[in-house]
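Have a look at the structure below before the remarks.
Derivation of every value follows stated rules applied to the coordinates shown; laboratory data play no part. Bear in mind that the values here come from a model prediction, so they are computed numbers and not experimental data. Ideal geometry is used to build each Cβ from the backbone, glycine not excepted, and the neighbour counts take in all protein chains shown.
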Amino acid sequence: MYPGNDRVYDQIVALLNSIEVFAGSDMPVCIYPYDDQVGRLRELAAERPQVQMYGDVASIKRWDTFVEKIWATHPSARQQWQKVGSPGIHRRGTHRRFCAF
């Protein structure tokens, strides 16, 4: 389980290459979409049979909603994120990896 998007495409390719060298080309890998910018990663997964993109959209939406509700209760999180120029929930996609549980 690896969270990712097209911004980290090169790192994902390097990770997959390393996994293939050290664990074999049949080691299953699941990439959780960090956000909706995953077009290149989808193409990569289509080229490698052992790689899949996590595709349970309902699960992702359920988790995103849960995270939004949690952060909405924090007294100063949004103000801190705005100070660093991050609209919405800062690094929201990092929470998506928990869909695996």
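Observations
- Cβ-based exposure ranking for TYR32, TYR54, in which fewest neighbours within 10 Å come first: TYR54, TYR32
- Degrees, to the nearest 10: 9-23 long Cα axis against longest axis of the chain: 50
- Under 5 Å, built H, 5+ apart or other chain: amide partners of MET53: ILE31
- Acute angle (nearest 10 degrees) that the helix 57-72 long axis makes with the longest principal axis of the chain, alpha-carbon atoms: 30
- Distance (nanometres) between label positions extended 7 Å along Cα→Cβ at ALA58 and ALA100: 2.3
- 19 Å reach of a label modelled at VAL13, 7 Å along Cα-to-Cβ, counting backbone N of the stretch 39-72: 39-53
- Label assignment, Rg and Dmax of the Cα atoms in Å derived from the structure, set (1) 15.6, 47; (2) 14.7, 43; (3) 12.6, 37: (1)
- MRE, 222 nm, helices only [DSSP H, n ≥ 4, -39500 (n - 2.57), over the chain, to nearest 500]: -14500 deg cm²/dmol
- 5 angstrom amide H check on GLY4, placed H, neighbours 5+ away: TYR32, TYR34
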